[in-house]
């Protein structure tokens with residue numbers, strides 16, 4: 001579904017992935033172009049690195065120069081080309097019953113989006129949809145948090161999230177927005193076999209116009225001892241609830 005970028009980007013625009021899971025997943029993705037790898041000899045021996053990929057061997061201390069401070073590189077860093085985005089229409093063409101779609105409204109923290117991608121992979125979600133100007137780019141932090149899922153979960157970036165939700169509805173999805181003030185619980189709102197789970201940023205939540213394009217608003221039945229869950233935790237719980245409802 002995804003394609004390699006047609007032209008090589010400038011070095012300063014290329015993300016660098018670190019950590020064995022993120023780099024190994026990038027190496028196994030045929031649509032991911034690997035520009036170069038820096039690694040310890042021990043870490044490189046654990047990876048299946050194609051012969052055409054340049055590898056510079058270094059000790060762990062030297063590798064720290066290629067990543068942000070204190071990044072847990074685990075002995076390997078890869079410079080890569082970004083993947084092309086999936087078109088929303090292409091993603092919806094792959095829709096199947098009981099494979100939820102995640103729609104993220106202004107969720108900009110790369111660690112949260114990475115964790116959501118990991119949960120999406122774990123629960124066999126169809127993919128994620130974000131607004132292109134209010135979502136993080138591919139990065140080492142995001143890839144590390146995704147633990148390989150960045151390479152396997154389709155990610156559609158759109159210009160207008162409200163219009164995208166209209167298109168999602170036309171593809172037969174029941175759109176459920178998570179909102180702490182909602183009267184229904186998520187379990188009560190689920191039902192149709194195709195569901196799009198819409199989550200907003202922490203603190204602000206979904207924007208009004210996005211909520212207005214949902215078929216139902218629902219809350220997670222959490223204890224009164226805590227106000228809300230981190231958005232990545234809420235996504236994991238919602239994906240599990242959708243999986244149970246479909247069983």
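The values are calculated or read from the model by the stated rules, or taken from the named source; none is laboratory data. Just so it is clear, the structure is predicted and the values come from calculations on it, not from any experiment. Methodologically, a virtual Cβ is constructed for each residue, glycine included, from the backbone with ideal geometry; neighbour enumeration extends over all protein chains shown.
Exactly one of these conditions fails for residue 201: (1) in contact (Cβ under 8 Å) with a residue 40 or more places away in the chain; (2) more than 20 Å from the chain's Cα centre (by Cα); (3) surrounded by fewer than 21 Cβ atoms within 10 Å (Cβ to Cβ). Give me its number.
Here residue 201 clears every test but (2).
Is it true that residue 156 is assigned to a helix (DSSP H, G or I) and either in contact (Cβ under 8 Å) with a residue 24 or more places away in the chain or on the phi < 0 side of the Ramachandran plot (or both)?
no
Consider residue 27 carefully, then state whether it is assigned by TED's automatic domain parsing to the domain that holds residue 213 and at pLDDT 95 or above.
Spelling it out, it is not the case that residue 27 is assigned by TED's automatic domain parsing to the domain that holds residue 213 and at pLDDT 95 or above.
Among the residues that make up the range 220-233, is at least one of them surrounded by 19 or more Cβ atoms within 10 Å (Cβ to Cβ) and out of contact with any strand residue (DSSP E or B) (no Cβ under 7 Å at 6 or more places or on another chain)?
Yes: the range 220-233 contains one or more residues that are surrounded by 19 or more Cβ atoms within 10 Å (Cβ to Cβ) and out of contact with any strand residue (DSSP E or B) (no Cβ under 7 Å at 6 or more places or on another chain).
Mind checking which pairs have a first residue in the range 20-39 that is more than 18 Å from residue 63 (Cα to Cα) and a second that is in a helix (DSSP H, G or I), Cβ under 7 Å, 6 or more apart or different chains?
Partner pairs satisfying both residue conditions: 25/151; 26/151; 29/151; 32/26; 32/151.
Answer yes if at least one residue in the range 11-28 is in a strand (DSSP E or B) and either over 19 Å from the mean Cα position of the chain (by Cα) or under 20 Å from residue 131 (Cα atoms) (or both), and no otherwise.
Within the range 11-28, none of the residues are in a strand (DSSP E or B) and either over 19 Å from the mean Cα position of the chain (by Cα) or under 20 Å from residue 131 (Cα atoms) (or both).
Suppose we keep only residues that are in contact (Cβ under 8 Å) with a residue 60 or more places away in the chain and out of contact with any strand residue (DSSP E or B) (no Cβ under 6 Å at 6 or more places or on another chain) within the range 166-195. Which one would you say is farthest from residue 247 (Cα to Cα)?
Here the answer is 167.
Tell me the residue from 169, 149, 201 that is over 30 Å from residue 12 (Cβ atoms) and assigned by TED's automatic domain parsing to the domain that holds residue 236, please.
169
When the residues of the range 155-185 are narrowed to those that are modelled with pLDDT under 95 and crowded, with 16+ Cβ neighbours inside 10 Å, which ends up nearest to residue 90 (Cα to Cα)?
Filtering the range 155-185 for residues that are modelled with pLDDT under 95 and crowded, with 16+ Cβ neighbours inside 10 Å, the one nearest to residue 90 (Cα to Cα) comes out as 179.
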